[in-house]
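The structure under discussion appears below in the form of structure tokens.
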Amino acid sequence: MIFEYKVYDEDMVLLDGKIEAENPSAAEQRLRDRGFRIVTLKTQSIWKRDLLANRKFSAEDLSVFFLQLSYMTEGGMDVGAVFGLMANQSRGRKKEKLQAIYERLQQGAMLSAAFAEAGGFPAFVPGMIRSGETAGTLSMVYRELGAYFHKESEMQKRLLNALAYPAVLLVTAIFVLRIVLSAILPVFLEVFQSQNAVLPPATRLLLGISEHMASYGSYYIAAMALLCLGVLLFASAEKTKLLFRKWLYHFPPCVIFTQKPFILRFLRSMKMQADSGVDVLSILKNAEESTVDVYIRDRLSEISRQLTAGKRLSAAMKEASLFPAEVSEFVAIGEASSKLSEMLHVLILMEESRQEYRMRRFAVYIEPAMILMMACIVGFIVFAVAVPMFDMVNSF
């Protein structure tokens, strides 16, 4: 059970957090053993326990966290003291996780085991830390993790930035058109009708669209809502979600946001773990546990099964249809030359360059296209309204 508490420490500073124990009495005793004076102690709500327990830290949070951890440990601080200090300086979910790690360290647990039990971290993190514990290179592992999550955070930001502009422009265009067609054009229609003006085809078309949307706009909205609901149901149903995710992963317009980021993320993770001594099967298992995409998990599981059956990694990756042929070819060269890490590094550099180029090209094409579309729509509306207005003025 997880309990939420508020306590005073020895310096009468009010602290709050969460603690895991078998029952309230055990939780109370653990807090008193740490020298705390209990103010409140209550069971964590079901909503927080079930819906928030599995939430992961963002890549940006993890980057900052591991870099801080690296600097503190390289400065000679004891790992237990580091986590105690960071827990006291944190709030919310981060404080909860760091406090849990600190408590397990105080109980004599290994740091890798404490990370695994705390949750909230990608599946490969405990394995990386375990490798660092074995080799005595924890500070180097912290730096590698910090650098990895920094790159991951930058990639996520580039993807969001690429989508943000067209999304905002599209929503704005729909909102403006809705106002124009439902509130502004009817006023001009009354003016034209009162003057018995002869309307040009463009104006009649625009007024027809306005009247049609006023009469049937709610039906279109309902139809779009039902379509979105149908897609969500299709994407979440047990019998169809694997098919949907497979289609989404390989659908050319979506590849830049689904397939390519995963490949780059997988290659970075694989190289980092391989350099730390993690075996290939564990790397694949960590990647499988770190993604929620059922198609990717299914393909990674298939690669693991083929490796267990004796196939080479490059052959298994080629048959899985998850990676481009180029990736499996470079991996095959790395296996043949015993330089897999070097080949992965080359692949990462190539894919990073391509990803940057894709994002720039997407922005170069989509932003002018959206602006041109908006200009055409606005220009058509202005033309359709202005022409009969000028005709009316000239007739006086």
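The values are calculated or read from the model by the stated rules, or taken from the named source; none is laboratory data. From a predicted model like this one, the values you see are computed outputs, not experimental measurements. Here the Cβ positions follow ideal geometry from the backbone for every residue, glycine too, while neighbour counts run over all protein chains shown.
Brief remarks on what is shown
- Any hit, segment 134-141, residues being assigned to a helix (DSSP H, G or I) and closer than 20 Å to Leu284 by Cα: yes
- The one condition in (1) closer than 30 Å to Ser194 by Cβ; (2) without any contact (Cβ under 8 Å) to a residue 40 or more places away in the chain; (3) surrounded by 17 or more Cβ atoms within 10 Å (Cβ to Cβ); (4) not acidic (Asp, Glu) that Phe390 fails to fulfil: (3)
- Some residue of segment 315-336 being over 26 Å from Gly132 (Cα atoms), under 21 Å from the mean Cα position of the chain (by Cα) and outside the structural domain of Met140 (by the TED database): yes
- As a summary of the residue check, Ser182 satisfies the conditions (1) at pLDDT below 80; (2) under 30 Å from Asp279 (Cβ atoms); (3) among the small types (Gly, Ala, Ser) except for the one numbered (2).
- Scanning segment 268-294 for residues that are surrounded by fewer than 17 Cβ atoms within 10 Å (Cβ to Cβ), free of Cβ contacts under 8 Å to residues at least 60 places away in the same chain and acidic (Asp, Glu) yields a single hit, Asp279.
- Taking segment 274-294 as the range and being under 21 Å from the mean Cα position of the chain (by Cα) and in a helix (DSSP H, G or I) as the test, the residues that pass are Ile283, Leu284, Lys285, Asn286, Ala287, Glu288, Glu289, Ser290, Val294.
- Residue in segment 68-76 that is crowded, with 19+ Cβ neighbours inside 10 Å, closer than 22 Å to Phe124 by Cα, polar (S, T, N, Q) and out of contact with any Pro (no Cβ under 9 Å at 6 or more places or on another chain) present: yes
- Each residue in segment 295-331 was checked for being free of Cβ contacts under 8 Å to residues at least 12 places away in the same chain, in a loop (DSSP other than H, G, I, E, B) and charged (D, E, K, R), and 1 pass.
- When every residue of segment 238-255 is checked against the conditions, none turns out to be crowded, with 18+ Cβ neighbours inside 10 Å and either part of a loop (DSSP other than H, G, I, E, B) or of a type in the set (Val, Ile, Thr) (or both).
- Any pair with Cβ under 9 angstrom, 6 or more apart, that starts in segment 238-253 at a residue that is over 14 Å from Asp298 (Cα atoms) and ends at one that is charged (D, E, K, R): Leu248/Asp293
- Contact annotation: residue pairs with Cβ atoms under 9 Å, 6 or more positions apart or on different chains, pairing a residue in segment 349-370 that is at pLDDT 85 or above with a partner that is exposed (fewer than 15 other Cβ atoms within 10 Å of the Cβ) and acidic (Asp, Glu), are Met350/Glu326.
- Cβ-Cβ contacts under 6 Å between residues 6 or more apart (or on different chains), taken from a first residue in segment 95-106 that is under 15 Å from Lys6 (Cα atoms) to a second residue that is at pLDDT below 85 and assigned to a helix (DSSP H, G or I), are listed as Lys95/Ala87; Gln99/Ala87.
- Residue satisfying all of: in segment 243-261; in contact with an Asp or Glu (Cβ under 9 Å, 6 or more places away or on another chain) and at pLDDT 90 or above; nearest to Gly146 (Cα to Cα) among these: Tyr249
- Annotation: of all residues in segment 130-158 being crowded, with 17+ Cβ neighbours inside 10 Å and among the aliphatic types (A, V, I, L, M), the one that is farthest from Asp61 (Cα to Cα) is Leu138.
- Which numbered condition Leu169 fails, given (1) in contact with an Asp or Glu (Cβ under 6 Å, 6 or more places away or on another chain); (2) in the same structural domain as Ile348 (by the TED database): (1)
- Qualifying residue in segment 197-208 (condition: surrounded by 15 or more Cβ atoms within 10 Å (Cβ to Cβ) and outside any helix (DSSP H, G or I)): yes
- The listed residue being among the small types (Gly, Ala, Ser), assigned by the TED database to the domain that holds Thr73, in contact (Cβ under 8 Å) with a residue 60 or more places away in the chain and more than 22 Å from Thr73 (Cβ to Cβ), out of Ala123, Ala135: Ala123
- Residues considered: Phe66, Phe121, Phe57, Phe115. Of these, the only one that is within 20 Å of Gly277 (Cβ to Cβ) and in a loop (DSSP other than H, G, I, E, B) is Phe121.
- Among the residues of segment 271-314, those identified as among the hydrophobic types (A, V, I, L, M, F, W, C) and more than 23 Å from Arg245 (Cα to Cα) are Met272, Ala274, Val278, Val280, Leu281, Leu307, Ala309, Leu313.
- Set Gly92, Gly120, Gly35: member being at pLDDT below 80 and buried (at least 19 other Cβ atoms within 10 Å of the Cβ): Gly120
- Val231 assigned by the TED database to the domain that holds Ala363, out of contact with any His (no Cβ under 7 Å at 6 or more places or on another chain) and either exposed (fewer than 15 other Cβ atoms within 10 Å of the Cβ) or modelled with pLDDT of 85 or more (or both): yes
- Close pairs from segment 1-29: first under 15 Å from Arg91 (Cβ atoms) and charged (D, E, K, R), partner modelled with pLDDT of 70 or more and in a loop (DSSP other than H, G, I, E, B), Cβ under 9 Å, at least 6 apart: Asp16/Arg91
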